[in-house]
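A.B. asks: My structure is below; once you've seen it, I'll send some questions.
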Amino acid sequence: MVELLPSILSADFAHLADEIAAAERGGGTVIHVDVMDGHFVPNMTLGPPVVASLRKATRMPLDCHLMIDNPNEYIAAFAEAGANWLSVHYEACTHLHRSLEMILDHGMKPGVVLNPATRVDLIEEILPMVHHVLIMSVNPGFGGQEFIPFSLDKIRRLTELRRELGLKFRIEVDGGVAHDTVAKIVQAGADLLVAGSAVFGAGRPEADARALLAAARAAAGER
Ligand code: DX5
Ligand code: ZN
């Protein structure tokens with residue numbers, strides 16, 4: 001089942017509750033929250049206090065994507081703030097296995113994120129531990145960038161690995177998910193679609209979420 005995860009990075013931060021409610025009416029089912037520290041990525045966004053406010057504003061699960069150095073130091077704070085899914089970058093974790101165990105121990109669903117230049121096969125051993133793998137299809141840090149075409153090969157490779165290993169983790173894609181790319185992304189095997197500018201960029205989150213999800217479901221052969 002394909003799901004749409006509106007990314008609040010492109011929303012109006014002064015009206016987050018309204019923006020999220022509109023994206024949910026349009027079919028969004030999980031809210032994607034981009035956490036950036038100005039070190040791991042050249043941009044800064046938000047941290048646990050905003051997540052705690054979002055937690056009160058919606059019943060949808062909060063999918064927190066940590067683009068930060070030393071993520072282990074903040075796992076407890078995100079759990080306390082009410083994050084439901086928590087993903088860490090392969091490139092930011094010297095001890096990835098430990099990071100994933102910490103996320104599990106704090107009662108959240110663990111995810112691992114791969115930058116565009118990181119090979120899918122590097123994470124084979126930890127795949128049984130994760131709830132989702134997030135394939136970055138742009139270099140993380142900013143919304144509104146163009147989808148990197150070779151990401152499709154990575155999604156296909158991960159789909160293949162999931163089948164070979166008999167696992168059930170979800171495959172999430174983030175960056176440049178829009179009308180012109182969504183069909184190929186879904187056909188490659190992705191089932192969690194993050195979209196920021198395609199949902200919030202034009203100021204019509206409900207209509208734009210609905211149209212994007214409809215295109216994704218049509219490509220997946222779902223209604
Ligand atoms: C980028 C973030 C994304 C961002 C995607 O570093 O991880 O979640 O919101 O934005 P779009 O959908 O505009 O490419
Ligand atoms: Zn993200």
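A.B. asks: Name the lysines eligible as straight-distance cross-link partners of Lys154: C-alpha to C-alpha under 26 Å, and not fewer than 8 places from it in the same chain.
C.D. replies: Candidates past the 8-residue exclusion: Lys109, Lys168, Lys184.
A.B. asks: Read phi for every residue in region 99-105 and hand back ³J(HN,Hα) as whole Hz from Karplus 6.51 cos²θ - 1.76 cosθ + 1.60, θ = phi - 60°, with x for Gly and Pro.
C.D. replies: Taking θ as phi minus 60°, the curve returns 4, 5, 4, 5, 5, 4, 4 Hz for region 99-105.
A.B. asks: What order do you get for 183-195, 65-77, 90-102 when each peptide is scored by the mean count of other beta carbon atoms within 10 Å, highest first?
C.D. replies: Values: 183-195: 21.9, 65-77: 19.1, 90-102: 16.5.
Sorting 183-195, 65-77, 90-102 by mean packing, highest first, produces 183-195, 65-77, 90-102.
A.B. asks: So, with +1 on the Cβ of K and R and -1 on the Cβ of D and E, and no other charges, what is the size of the charge dipole of region 1-122 about its Cα centre, to the nearest 20 debye?
C.D. replies: On the way: 7 positive and 15 negative charges, 50 e Å.
Here region 1-122 has a charge dipole of around 240 debye.
A.B. asks: What's the percent breakdown of Cα-Cα distances in the chain across 10 Å bins, shortest bin first?
C.D. replies: 9, 37, 40, 15, 0
A.B. asks: Given the C-alpha centroids of region 24-50 and region 80-118, what is the distance between them in whole angstrom?
C.D. replies: For region 24-50 versus region 80-118, the Cα centre distance is 15 Å.
A.B. asks: Which log10 I(q)/I(0) values, to two decimals, does region 1-61 give at q = 0.13, 0.25, 0.30 Å⁻¹ under the Debye formula with one point per Cα?
C.D. replies: Computed log10 I(q)/I(0) values: -0.35, -1.09, -1.38.
A.B. asks: Further, regarding this structure: Roughly how many debye, to the nearest 20, is the charge dipole of the chain about its Cα centre, given +1 on each Lys and Arg Cβ, -1 on each Asp and Glu Cβ, and no other charges? Present the calculation step by step, with values, prior to reporting the outcome.
C.D. replies: Values: 19 positive and 28 negative charges, 128 e Å.
That gives a dipole near 620 debye.
A.B. asks: Arrange the peptides 130-136, 39-45 so that the one whose residues have, on average, the most other Cβ atoms within 10 Å appears first. Kindly include the intermediate steps, with their values, before the conclusion.
C.D. replies: On the way: 130-136: 24.3, 39-45: 15.9.
For the peptides 130-136, 39-45, the packing ranking is 130-136, 39-45.
A.B. asks: Could I ask something else about it? Charges only on Cβ, +1 for Lys and Arg, -1 for Asp and Glu: so what's the dipole of region 106-223 about the Cα centre, in debye to the nearest 20? Intermediate values should be presented prior to the final figure.
C.D. replies: On the way: 14 positive and 14 negative charges, 56 e Å.
Its charge dipole is roughly 260 debye.
A.B. asks: Let me ask something else about it. Specify which residue in the list Asn84, Ala21, Asn43 is farthest towards the positive end of the charge dipole of the chain, using unit charges on the beta carbon of Lys, Arg (+1) and Asp, Glu (-1), about the Cα centre.
C.D. replies: Comparing the listed Cα positions along the dipole, Ala21 ranks first.
A.B. asks: Take the solvent-accessible surface of the protein heavy atoms, probe 1.4 Å, and return the percent of it on the chain that carbon and sulfur atoms account for. Don't jump to the answer; show the numbers that get you there.
C.D. replies: Numbers: 5020 of 9890 Å².
Of the solvent-accessible surface of the chain, carbon and sulfur hold 51 percent.
A.B. asks: Let me ask another. For region 51-63, just list the computed ³J(HN,Hα) in residue order, Karplus coefficients 6.51, -1.76 and 1.60, θ = phi - 60°, integers in Hz, with x standing in for Gly and Pro.
C.D. replies: Per residue, the Karplus-derived 3J(HN,Hα) values read 4, 4, 5, 4, 4, 7, 8, 8, 9, 5, x, 9, 9 Hz.
A.B. asks: Here's a follow-up. Val33's amide H: which non-local residues (gap 5+, or another chain) put their own amide H closer than 5 Å, with H modeled 1.01 Å from N in plane and none for Pro or chain starts?
C.D. replies: For Val33, the qualifying residues are Asp63, Cys64, His65.
A.B. asks: Of His97, Thr159, Ile148, which is farthest towards the positive pole of the chain's charge dipole, taken about the Cα centre with +1 and -1 on the beta-carbons of Lys, Arg and Asp, Glu respectively?
C.D. replies: Thr159
A.B. asks: OK, next. Can you say what percent of the DSSP beta bridges in the chain, counting only those with both residues inside, are antiparallel? Round to 5. Mind dumping the intermediate values first?
C.D. replies: Numbers: 1 of 33 bridges.
DSSP beta bridges in the chain are roughly 5 percent antiparallel.
A.B. asks: Rounded to the nearest Å, what's the spacing between the alpha carbon centres of region 134-152 and region 175-192? Just the number, please.
C.D. replies: 11 Å
A.B. asks: Ok, one more. Kirkwood hydrodynamic radius, region 118-206, all distinct C-alpha pairs: what's the number in Å?
C.D. replies: Numbers: mean 1/r = 0.0739 Å⁻¹.
After inverting the pairwise mean of 1/r, the radius is 13.5 Å.
The values are calculated or read from the model by the stated rules, or taken from the named source; none is laboratory data. If you're wondering where the values come from, they're calculated on a predicted model, not measured in any experiment. Positions of Cβ are backbone-derived with ideal geometry, glycine not excepted, and every protein chain shown enters the neighbour counts. Remember, those area values only see protein heavy atoms, side chains included, never the ligands or the DNA or RNA. Shrake-Rupley method; radii C 1.70, N 1.55, O 1.52, S 1.80 Å.
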